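What follows is a single structure, written as structure tokens, with notes after it.
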Amino acid sequence: MVDWYYDESGKGATALEVTLELVEQLRQHANVSFADAKAALEHTDGDLLEALIWLEQQGKIDLAGVGSYH
């Protein structure tokens, strides 16, 4: 889970940290390194789906086979 705080302007929330559990969950789903998973989650403010998409765009994973029953 990501901890949030509102900046002084009140315009929006900013992620303070990404938990180890979330990083591990992404690592298992995407088969990437801890550093890659953490970077993806930080880049996407802790959004797991967006992190998977970001990793694919970075060429770290191929989502073609993810979630299939082959």
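Derivation of every value follows stated rules applied to the coordinates shown; laboratory data play no part. Every value quoted in this text rests on a predicted model; they were computed, and no experiment measured them. Cβ coordinates were reconstructed from backbone atoms using ideal geometry, including for glycine residues, and neighbour counts include every protein chain displayed.
Things worth noting here:
- Between Leu48 and Phe34, the contour length at 0.36 nm per residue exceeds the Cα-Cα span by 3.6 nm.
- Three-way shape label, segment 14-57, alpha-carbon gyration tensor, a/c 1.5: oblate
- Counted charge near Leu55, where neighbours are those whose Cβ lies closer than 11 Å (Asp, Glu -1; Lys, Arg +1): -2
- With a simple spin-label model that places each label point 7 Å from the Cα along the Cα-to-Cβ direction, the separation between Glu21 and Glu56 comes to 2.7 nm.
- 9 Å beta-carbon shell around Ala30, net charge (K/R +1, D/E -1): 0
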